[in-house]
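Report on the following structure.
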Amino acid sequence: MTIPIFYTISDNYTAYAYVSIQSLIDHADSNKDYTITLLVQTLSDKHRESLKSLETNNIHINIFHIDDKMVRPIHNNDANYLRGQFFTMSIFYRLFIPDLFPQYNKAIYLDADTIICTDIANLYDIDFGNNMFASCPDLSIRFMPLLQKYIKKCQGIFPPEKYINDGVILFNMKAFRDKKFVDKFYYLIKKYNFDDVDPDQAYMNEICEDKIYHLPKEWDAMPNDNMKEIANPKIVHYNLFFKPWHFADVQYGRYFWNIAKETPYYKQLKEQLDAFTDEDRKKARAGLDAMANKVNKIVDEDVTWAKVKKTTSVKI
């Protein structure tokens, strides 16, 4: 038996994905088998070779090209609808993993800006019952009033503390297929065209509400200036704009650099950090503020999750 793990990456994210995969390898059990599948839209030959070079006897790396033509057969719909509405379909690729890989009934998805601090098999082995998936509550936005307002007033999810982050997912792949998650997703996005600050995450939270297993916070430790670091994190996730290759003082940054220095991308990553100016950092934080401020626009729209749910169930 192999443990299936998925990432979605691009050329721009190759260096970070390499570091994440290296951290996974460093903590893997030599007596277990792991299959990492990288979902890509485009990836240069150089980066393909670089990532494939990480393979070991028990850790296999596959590169799977995904595009609109491949996603369209999952549901008879125009995939370009998503592209026009949300710039790129790639943020939604994780939602299609269960349908694209029917050979697996259970699998892990990881964002590329993660560091694995334990054997990933420990996550895979968690029993989460008949739930659709397992993830951690989104602590990165816990102390951001506008984003808390978004969860309550726009999403209509109570308490807001149960809103999950989908950067680390333990999928019940069979349940996603059996419950026809993708059909529900396409139906909702076509009928309501919800305005979201986090489209893929919003749909997972809403469609699967009350069928989500909440993992302990150690499985998705995210930088947050209003919280102390979580002791002994199992996975560190540099969510939103808080990247160690942009901010030297970011929480949990040492976990990234301890692995990065083992990789051929270390010099490139350090140069990227050095080249990121105070003005760049100011713009990055402004981007977070802009995302939060979008909430005031969404809450007044005629169609929001919260308003639709007053008369219609959106859950699977």
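Assorted remarks:
- Scanning the range 135-157 for residues being touching a Lys or Arg at 6+ places or on another chain (Cβ under 8 Å) and under 15 Å from W305 (Cα atoms) gives a total of 2.
- Residue list for the range 285-295, filter: of a type in the set (G, A, S) and either more than 24 Å from the chain's Cα centre (by Cα) or surrounded by fewer than 16 Cβ atoms within 10 Å (Cβ to Cβ) (or both): A286, G287, A290
- Boolean, S20 is modelled with pLDDT of 95 or more, on the phi < 0 side of the Ramachandran plot and within 21 Å of the chain's Cα centre (by Cα): yes
- Residue within the range 40-56 that is hydrophobic (A, V, I, L, M, F, W, C), part of a loop (DSSP other than H, G, I, E, B) and in contact (Cβ under 8 Å) with a residue 24 or more places away in the chain present: yes
- If you go through the range 1-34 and keep only what is out of contact with any Leu (no Cβ under 7 Å at 6 or more places or on another chain), within 22 Å of M173 (Cα to Cα) and crowded, with 18+ Cβ neighbours inside 10 Å, you end up with I3, P4, L24, Y34.
- From the list T277, T311, the one residue that fits, being among the polar types (S, T, N, Q), closer than 30 Å to A175 by Cα and loosely packed, with under 11 Cβ neighbours inside 10 Å, is T311.
For (1) of a type in the set (A, V, I, L, M, F, W, C); (2) modelled with pLDDT under 95, each residue gets a yes or a no:
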residue: F6; (1), (2): yes, no
residue: T14; (1), (2): no, no
residue: H27; (1), (2): no, no
residue: N31; (1), (2): no, no
residue: V40; (1), (2): yes, yes
residue: I59; (1), (2): yes, no
residue: I74; (1), (2): yes, yes
residue: A79; (1), (2): yes, yes
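- Qualifying positions in the range 252-274 - among the charged types (D, E, K, R), assigned to a helix (DSSP H, G or I) and closer than 26 Å to E218 by Cβ: R254
- Neighbours by Cβ (under 6 Å, 6+ apart or cross-chain): first from the range 172-196, farther than 17 Å from T312 by Cα; second part of a loop (DSSP other than H, G, I, E, B) and of a type in the set (F, W, Y): M173/Y104
- Selection count where residues are touching a helix residue (DSSP H, G or I) at 6+ places or on another chain (Cβ under 6 Å), under 15 Å from I151 (Cα atoms) and part of a loop (DSSP other than H, G, I, E, B), scope the range 284-316: 3
- Taken as a whole, the condition of being outside any helix (DSSP H, G or I), at pLDDT below 95, under 18 Å from the mean Cα position of the chain (by Cα) and of a type in the set (V, I, T) applies to T88.
- Across the range 132-149, the number of residues qualifying as buried (at least 17 other Cβ atoms within 10 Å of the Cβ) and outside any helix (DSSP H, G or I) comes to 8.
The values are calculated or read from the model by the stated rules, or taken from the named source; none is laboratory data. Since this is a predicted model, take the numbers as computed values, not measurements. Note that we place each Cβ from the backbone using ideal geometry, even for glycine, and neighbour counts take in every protein chain shown.
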